[in-house]
Amino acid sequence: MEFLKKIESPHQIRNMTVHELEKLAEEIRQIIINTVSKTGGHLASNLGAVELTLALHAVFNTPEDKIIWDVGHQCYTHKLITGRRDKFDTLRCYGGLSGFPKREESIYDVFNTGHASTSISAALGIALARDIKGEKYKVIAVIGDGALTGGMAFEALNYAGHLGKDLIVVLNDNKMSIDKNVGALSSYLSRLRTDPMYFKGKEEIENLLKKLPHGSTVLKLADKIKDSIKYLVVPGMLFEELGFTYLGPIDGHNINAMKAVFNNAKSLKGPVLVHVITQKGKGYEPAEDKPDTFHGIGPFNVSTGTSSKKNEPPSYTSVFGHALSQIAEERPDLVAITAAMPGGTGLDIFQKNFPDRYFDVGIAEQNAVTMAAGLAVGGLKPVVAVYSTFLQRAYDQIIHDVCMQKLPVVFAMDRAGIVGEDGETHQGVFDISYMRHIPNMVVMSPKDEEELRHMLFTAVEYEKGPISIRYPRGHGVGVPLSDTFVHLPIGKAEVLLEGSDIAFLAVGNQVYTALKAAESLKKEGVRAAVVNCRFIKPMDEDLVCEMALKIKRIATIEENVLLGGFGSAVLEVLSNKGINNIRLVRIGLPDKFIEHGKADLLREKYGLSAEKVIEKIKQNFPELLS
C-alpha cells in the first residue's frame, strides 16, 4: 500500500498525478475486496466507483464542498481517503464503521443515507441553505442509474431545474456501455459547451444578428435548427429540458477525463448534470461477471469468488419465492411486483416461471403499491414483495390506495425485525407498529419457514381486503417443508406449550425464543405456557383473555419497537375487556434506531435472546423462583 498508507485526508490526493491516482485506485480496490471478503458488504457498486470518488475529491475542496452519496453503498473509497483507513477492517461490525455514510463518523459524511433516490433533494436543500446564508461552496449529489428510477429523484430534478441554483448532479451509470465513437463526440461536445469562449462567442453572434435587418427572425430560426440538431446528436436532452446543463457521458474509470469535466462543471452557473459511465465490480472478475450477486454479499473466498456460507436451512426469502411460484401454478390471476429487488425478495424464482405476470417497477415503492391496487381493481391478485424498511416509503399509498378501498393486495414484508450489519436504515423494526393501526389491514407473522408457506397461501386466498406477512432475514430454523398448503383461520393463535406460572405470547421468530426460554425455566421449576399468536391483527382476543385470566402473568415477545407494537396490542385487548388484575411485561426493542452489527449480537444486547428473556422474567416475577 505505497500510496494509500500516506492518505489521511483528500487534501493529499489533490497534488497527486493522474498516474499516482491510478495506482492509488488499484490499492483501494484490493483493500475493499479483502475487507468485504471478511465482513461482507456492497462490493460491486464500490469497485465501480473508485476512480469516480478519487476524481471528485481531487477536484472539489471537501469537506468545504459537500458530496452527498445516494444510498451510500458506493462510499467505501470515500471512507478510505477521509481518515478512516485504519478502521476499515471494522466495516459493518458492531461498534465499527457503518457500511453507509454517517455524519457521526466524519465531517466528510454530509448526509446519512441508506435508502435510494434521496441525494438530489438533500443536495438541493443544502444548496438553498448555502445561498440563504450567503456562503460559497459547491454541492454535489452522486446518484446511480438505479436510484434515478425513484420518483423522488425526478421530483428533485424538476424543482432544481426550476430554481436554477448552483448544483452539480453526478449520474453514476453502471449499466450502459460506452461506444468509443459516441463517447468521443460526447466528450467533444461537453468540452465545447463548457468552454467560456463558446458562451462568449455565442453571445456576441446573437448580439450581432439582432442588429441586422430581420436578425431576430434569423436568430429564432437558428435556435430551432440548433435545438433539432441537439435532439439528434446530444445525449441527455431530458435533463436539458429540466433545466440542467448536461455533460457526458464520460468514462468513469478515466481519472484525467473526469477531472477535466468536473473542473468545467465547477465553473458553470445553475444546475449541471455530469453523466459518468462505470462498470460494476470493476477490477475483480467474479464481481464483473455477476454484479448482482456481489452487490450485497456476505463473506467470500477472494481467489474463487465463492460464498463462505455453510450448509444451512433455506432462507425465508427462498422459501417464499418457491412457495409463491407453486401457488401461482394454480392461480393464473396471481401477479408479483418488486421495487428493483427480484433476488433480494425471492421474486427472481417467480420471474423465471411466470415472466408475463412479474413486474419490476424500479426503485419506486409508491408506484408499486398503487399499481398493485390497480391490478386488484382489475380483478388480479397482486403480491407486493418488499423489504420492511422500504415499504415505509409507500405508507400513504398503503393507507389511501389499498386499505381505504379494501383491496385484496398481499404485502410480503421480507427483512422484518433486526437485519444486522446494514444497520439503522435497514432494520425492519417498525412495520408491526405502522401496519396494525390501519383499518382493514390484516397483519401476521410466521414462527418458521413452514408456517410462512401456509401464511402465504392463506394471504393469497384472502379476498376481504389487504393482508400482510412479516418475516425475518436469513435462514429458517430448519423445520421440514411440506408439499401441500394449509389454510390458517384468520385471527387464530395456537398454544404450543401448556403452563400455569407464566404465559409467553410471542410472534414471528420470537416464538422459538419463547420456547427455548420456557424449556430453561422448566428446569428451575417454572411452568411456562407458550402461544404462537400468529396474527397481530386481528388478534385472537379470546385466547389472550383466557391466558390472562387463568395464569395472571403475561410476557409478550416481539422483534419490533415496543411503541405501538404487538405488546401494545395485547395491552389494548386486555384494557378493552376490563382485565386489569394481571401482571404483564413487554419484551421488544427500545425507542431508538438500532445500530449495525450481527443480528444475534444485537438481539442479545436488546434482550431478545432466550437468556435475556429469562433474566427479564426473573426481574419482573421474582416470586416464581423463590
Cα centre as origin, Lys/Arg/Asp/Glu Cβ charges: the chain dipole, Debye:
1200
With θ set to phi - 60° and the Karplus curve 6.51 cos²θ - 1.76 cosθ + 1.60, what are the ³J(HN,Hα) couplings of segment 483-498 in order, to the nearest whole Hz, using x for Gly and Pro?
8, 10, 10, 10, 7, 8, x, 4, x, 10, 8, 9, 8, 8, 8, 7
Calculate the dipole size of segment 478-593 relative to its Cα centre from +1 charges on Lys and Arg beta carbons and -1 charges on Asp and Glu beta carbons; express the result in debye to the nearest 20.
340
Tell me the relative contact order for the chain as a rounded percent, counting alpha carbon contacts under 8 Å between residues six or more apart.
11
Picking from 147, 402, 12, whose Cα lies most toward the positive end of the charge dipole for the chain (charges on Cβ: Lys, Arg +1; Asp, Glu -1)?
12
Past the 29 angstrom mark, what percentage of all C-alpha to C-alpha distances in segment 316-470 do you count?
6
To check you understand DSSP bridge types, tell me what percent of the beta bridges within the chain (both residues inside) are antiparallel, rounded to 5.
15
DSSP bridge pairs, segment 223-376: antiparallel proportion in percent, nearest 5
10
Taking the dipole about the Cα centre of segment 463-537, with the C-beta of Lys and Arg at +1 and of Asp and Glu at -1, give me whichever of 500, 517, 480 is farthest to the positive side.
517
Kindly identify segment 235-358 as rounded, prolate or oblate by the Cα gyration tensor criterion: order the square roots of the eigenvalues as a ≥ b ≥ c, call it rounded if a/c is under 1.5, otherwise compare a/b with b/c, prolate if a/b is larger, else oblate.
oblate
Just one of [x] 42, 36, 22; [y] 41, 33, 29; [z] 51, 28, 22 is semi-axes √(5λ) of the Cα gyration tensor in Å calculated from these coordinates, so which is it?
[z]
Given Cβ charges of +1 for Lys and Arg and -1 for Asp and Glu, the option among 535, 32, 471 whose Cα lies farthest towards the positive end of the dipole of the chain is 32
FRET efficiency for residue 615 and residue 550, using Cβ-Cβ distance with R0 set to 22 Å, rounded to 0.05
0.30
Given labels modelled 7 Å from the Cα in the Cβ direction, how far is it in nm from residue 500 to residue 522?
1.6
Taking 4 °C and 1.567 mPa s as the conditions, I'd like the Stokes-Einstein D for segment 13-82 in µm²/s, using the Kirkwood hydrodynamic radius from alpha carbon pairs.
104
Quick one: which of 281-293, 313-325 comes out on top by average Cβ neighbours within 10 Å, and what's the full order, highest first?
313-325, 281-293
With 0.36 nm assigned to each residue of separation and the Cα-Cα distance removed, residue 129 to residue 601 gains 165.9 nm
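Every number here is computed from the coordinates shown, using simple stated rules; none is lab data. Fair warning: this is a prediction, and the values are worked out from it, not measured in the lab. Positions of Cβ are backbone-derived with ideal geometry, glycine not excepted, and every protein chain shown enters the neighbour counts.
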